[in-house]
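Encoded as structure tokens, the structure appears first; notes follow it.
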Amino acid sequence: METAVTGEVARGVDYVEHQNGKLPLVLGFLLLMTFAMTVHAFRSVVLGLLGVGLNLLSAASALGLLVLVFQGRWAEDLLSFVSLDGISSRVPLFLFVILFGLSMDYQVFVVSRIREAALNGVPTRQAVLDGIASSAKVVTSAALVMVTVFASFVMLHILEMKQMGFVLAAAVLLDAFVIRVMILPAALLLLGRATWWPSGAVRRAQERPAPRREGPDGGDSIGPERAYPGGSFERHSKPGSVPHSG
């Protein structure tokens, strides 16, 4: 014999059960799309796998901070809330959806600058350094705007909104300042040319011979350009000036 139960409590139980059953599907779809779009954009399976791993690291770190702050009682007076010894069931879902979108935006911007330099013949190590130098300020500035917006939700009295604002602000802060600006370039430096596998465009660009000029005495002269091994070069604007990587 089955007995039907209605009311707010029963609806809440059913909602949590339904969400827990669908959350793995949502997470799997997000990871699959992250991988597929990264491979499509950069023609690199390695970058696709790296993007998936870094997104999971970012989300896991933010969830850890959320549990540390709201599941305990030490931060109740600091953030003006009463701990319920748990996390709202909707917060992880919103975290995954919003964070994965923002983090992919940051990664595509950073990796695009790096790949652009690599396609110009710059060695992978130097391309990573140049790409981070040209994109880090933009990424961190955009992240600070988002952190400010999300952090404003922490001031609300509704516990669920407070948790959501805190975890999103922490996630964006970690993702932009630690994962995309420190861990991502470190991983690319360790991977070297393997970063672009299986695409051969970067390898062909770096193996392209450097342009050479004929000197005044009829011999070959690099002139104001000094070739890197692998086909890239340095330019000198004035005698005695500091070389600039091109």
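Quick look at the values:
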| item | result |
| --- | --- |
| Residue that is touching a helix residue (DSSP H, G or I) at 6+ places or on another chain (Cβ under 8 Å), over 30 Å from ALA75 (Cβ atoms), assigned to a helix (DSSP H, G or I) and at pLDDT 85 or above, where the choices are LEU173, LEU189, LEU168 | LEU189 |
| Checking LEU84 against (1) touching a residue at least 40 places away in the same chain (Cβ under 8 Å); (2) in a helix (DSSP H, G or I); (3) under 27 Å from MET161 (Cα atoms), the condition it does not meet | (2) |
| All positions within segment 23-78 that are under 26 Å from GLY165 (Cβ atoms), of a type in the set (Gly, Ala, Ser) and modelled with pLDDT of 90 or more | GLY51, SER58, ALA59, ALA60, SER61, ALA62, GLY64 |
| Set LEU78, LEU57, LEU63: member being part of a helix (DSSP H, G or I), assigned by TED's automatic domain parsing to the domain that holds GLY192 and buried (at least 18 other Cβ atoms within 10 Å of the Cβ) | LEU63 |
| Subset tally (residues that are among the polar types (S, T, N, Q) and either in a helix (DSSP H, G or I) or under 13 Å from SER103 (Cα atoms) (or both)) for segment 32-54 | 2 |
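Conditions tested, residue by residue: (1) touching a residue at least 24 places away in the same chain (Cβ under 8 Å); (2) out of contact with any helix residue (DSSP H, G or I) (no Cβ under 6 Å at 6 or more places or on another chain); (3) in a helix (DSSP H, G or I).
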{"residue": "VAL97", "(1), (2), (3)": "yes, yes, yes"}
{"residue": "GLY101", "(1), (2), (3)": "no, yes, yes"}
{"residue": "ARG113", "(1), (2), (3)": "no, no, yes"}
{"residue": "ALA136", "(1), (2), (3)": "yes, no, yes"}
{"residue": "THR148", "(1), (2), (3)": "no, yes, yes"}
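Residues are listed down the side, and each one gets a yes or a no for (1) surrounded by 19 or more Cβ atoms within 10 Å (Cβ to Cβ); (2) under 16 Å from the mean Cα position of the chain (by Cα); (3) among the aliphatic types (A, V, I, L, M):
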| position | (1), (2), (3) |
| --- | --- |
| ALA127 | yes, no, yes |
| ASP130 | yes, no, no |
| THR140 | no, yes, no |
| THR148 | no, no, no |
| ALA151 | no, no, yes |
| LEU156 | no, no, yes |
| MET161 | no, no, yes |
| MET164 | yes, no, yes |
| VAL167 | yes, no, yes |
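The values are calculated or read from the model by the stated rules, or taken from the named source; none is laboratory data. Given the structure is predicted, the values throughout are model-derived calculations rather than measurements. Using ideal geometry, Cβ is built from the backbone for each residue, glycine included, and neighbour counts are taken over all protein chains shown.
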